[in-house]
1. Per residue of the chain, what 222 nm ellipticity follows from adding -39500 (n - 2.57) for every DSSP H run with n ≥ 4, rounded to the nearest 500?
2. With respect to the cross-link table entries K184/K387; K172/K258; K212/K382; K212/K387; K184/K258, which display a Cα-Cα separation exceeding 20 Å?
3. Could you sort the peptides 97-104, 326-333 by per-residue average Cβ neighbour count (10 Å cutoff), highest mean leading?
4. For helix 111-123, what angle does its Cα long axis make with the longest principal axis of the chain, in degrees from 0 to 90 and rounded to 10?
5. Write out the GluC sites (Glu not before Pro) in the stretch 445-523 meeting two conditions: DSSP loop, and at most 16 other Cβ atoms within 10 Å of their Cβ.
6. Taking the Cα atoms of the stretch 429-541, what is the range of coordinates along each of the three principal axes, in descending order and whole Å?
7. Using the 10 angstrom Cβ neighbour count as an exposure proxy, how do H84, H272 rank, fewest first?
8. Where does helix 428-439 land angle-wise versus the long Cα axis of the chain, in degrees 0 to 90, nearest 10?
Amino acid sequence: MADPFAVTNQAPPLQGVNFFTRDRALGDALRPFAALDDDPGLTAIGDLAGTQEALSHALPANQNPPVLRTHDRYGNRIDEVEFHPSWHWLMEKAVGFGLQAAPWTSDRPAPHLTRAAGFYLWSQVEPGHGCPISMTYAAVPALRASEELAAEWIPSLAATSYDARRLRAGDKAGALAGMGMTEKQGGSDVRANLTTATPSGSDGEYLLNGHKWFCSAPQVDVFLVLAQAPDGLTCFVVPRVLADGNRNAFALQRLKEKLGNRSNASSEVEFHGTIGYRLGDEGAGVRTIIEMVAATRLDCVLGSSALMRRALVEATWHTSYRSAFGGLLRDKPAMQNVLADLALESEAATALSMRLAAAVDASLAGDEQAAAFRRIALPLAKFWVCKRTSMTVAEALECLGGNGYVEESGLPLLFRESPLNSIWEGSGTVNALDVLRALRRPESLDAWLTEVGAARGADHRLDAAITGVLESLADLSDAEAGARRLAARMAVCLQASLLVRYSTPEVADAFVASRLGDDWGGVFGTLPRTTPFTSIVDRIL
């Protein structure tokens, strides 16, 4: 007689899967730009990411959110944030892998593409701790506006040693960076900022006074902050510890209670005579910090692609072991349709994110075409990929049924995280409007046309879609109202072009047929019955 209490028909824990070597879509996305198939660093990240050790740190880091300590036991103001040990484990590994600022000082080929792949892989373990990693990566190009400040901070930011101690940068094994731009009255409209910056008398030193509504990663060592100087909005470098070893005035008012991203600290902060060092010219704050914004937007796309991939892997793993109605779920045609459709969405996101990272390497090497492509493709990808993530993760969660709705499965963590990247560094509308701004530069449209045109003639449906985009651009009299539709169509054409060139014929054909077809409603699992489901699903794991 069967034991009624025996656990049967449940998937085993997801472990022993190398997230890099088993990700065929990632391999196809990387191969056109760099020979990384056997890269030891990416292999090591993928191997650790798929262990039970790594996965055992994700939930505790989120279930034990950071705690604000404004004062010590004696009443001294300390403004510190305490984290669960799992957070520090995740951070130590991420920094050790060089996922923060290491690419900026690397002499290896394709350092930013390699780092992008690593960030994508490691973000699948736990996405929250990616915030300070991303901020640190993004701070470096902005810091280069000042030779002195760059020399002071970049070596510490690029170091691959995680050091959480509150010390001067020169006394630490490694440092991390954050950002403070958003204020209550302005949000994305940073020119409405009210925080003031008054020259202190010392060259380049200012005293900041004001409030930041969202300060990313308040526990880190240095921040890039926007404030109103006498000649306008200006960027400042604000260290937590000053050169004399004393703490800077950096009053943490509260930590945000957020929908997701719970392992990470986001705070409100007040400046009361806080010392900041001018970065770039007065009045050039947005121009100075724009490279930081561009880098963090790339990480938004990478992070969203990682969420899609992890959710897809969980759905595939579960359905490969779970039986219902006489057979494995993965073998059921209806489930195969859903999994294949999710795989198309994930692969298209991965292909676009890696193409953007390759453009970073090329543009830094002086390729003007790559720089123009990055200018228009980044807001396109930020708008579309991040927007698609929530529904992709929700559908993957549904593949697990009730199991996916339980916290222990990890899917609720992914689902709560899924809207974040669509909001961070500019919501969907902000990025759609940024696409319109990019289109005012002829070189931006030319770069998009060159990229999608590389697949011209390979698929008549893609050719027709590109022609349709050009026709819509002929009349921009009401462009703002149609900005989202335009951005979506341009992004999907870009994804289709990449898949046609670099993925398998089965994947490319199914993506073009569904995403560029007139009857596509965006509902997963509605691919034509003629789609080769098995060949697409088998690519997942």
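We did not get these values from a lab; they are worked out from the coordinates using the rules stated. This is a predicted model, so every value here is computed, not measured. No Cβ is skipped: glycine too gets one built from the backbone with ideal geometry, and neighbour counts run over all protein chains shown.
1. Helices in the chain give a 222 nm mean residue ellipticity of -16000 deg cm²/dmol.
2. K184/K387; K172/K258; K212/K382; K212/K387
3. Peptide ranking by packing, descending: 97-104, 326-333.
4. 70
5. Of the GluC sites (Glu not before Pro), the ones in loops of the stretch 445-523 whose Cβ has at most 16 other Cβ atoms within 10 Å are E480.
6. Over the stretch 429-541, Cα extents along the principal axes are 45, 28, 25 Å.
7. Ascending Cβ contact count within 10 Å gives the list H272, H84.
8. 90
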